[in-house]
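Written out below as structure tokens is the structure these notes cover.
The values are calculated or read from the model by the stated rules, or taken from the named source; none is laboratory data. Keep in mind that what you see is a predicted model, and the values were worked out from it rather than measured. Here Cβ is always computed from backbone atoms with ideal geometry, including for glycine, and neighbour counts include all displayed protein chains. Please note that ligands, DNA and RNA were not included when accessible areas were found on the heavy atoms of the full protein model with its side chains. Shrake-Rupley method; radii C 1.70, N 1.55, O 1.52, S 1.80 Å.
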Amino acid sequence: MRDPHRKLVDEQLNGGEFAKMTDADWKLIEPYLEENERLFDIAVDRLLTVDDRMRRPKDIYRKIRPRKTGAAAKQDDGLTESEH
């Protein structure tokens, strides 16, 4: 979610939660933004510019994921491999 001024609040996330934005997240979404640039002429540089200053992606975008509940909240963030 593009939220450079951090105005989004938990109540707006429909049961989601904020998570740390990583370099891997940016590598995942950047090609989609580049495609949008090609299709809709919305430059990625423009999306990364706030108050006339170019910013880092993690300063502009916020990662939102489904909120963990119950047993899922007790496990770590990643998937685990089966021992079989």
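Summary of values
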| item | result |
| --- | --- |
| Sparse-neighbourhood loop sites, trypsin sites (Lys or Arg not before Pro) in the stretch 2-49 - DSSP loop, at most 14 other Cβ within 10 angstrom | R6, K7, K20 |
| Amide H partners (placed H, <5 Å) of K63, local residues excluded | A19, M21 |
| D52, D3, D59, D45, ranked by accessible area, largest first (probe 1.4 Å) | D52, D45, D59, D3 |
| Whole-Hz couplings from phi, Karplus 6.51/-1.76/1.60, listed for the stretch 14-30; x for Gly and Pro | 6, x, x, 8, 6, 9, 5, 7, 10, 4, 5, 4, 5, 4, 6, 8, 4 |
| Accessible area in square angstrom per residue, the stretch 11-67, 1.4 angstrom probe | 77 |
| Cα Rg, Dmax, the stretch 1-53, angstrom units | 13.1, 34 |
| Rounded accessible area of T49 (nearest 10 Å², 1.4 Å probe) | 50 |
| Computed lengthening from L8 to T22, 0.36 nm per intervening residue step minus Cα-Cα distance | 3.2 nm |
| Cα→Cβ-extended label distance, 7 Å offset, between E37 and T49, nm | 1.2 |
| Per-residue SASA entry for L28, accessible area with 1.4 Å probe, Å² rounded to 10 | 110 |
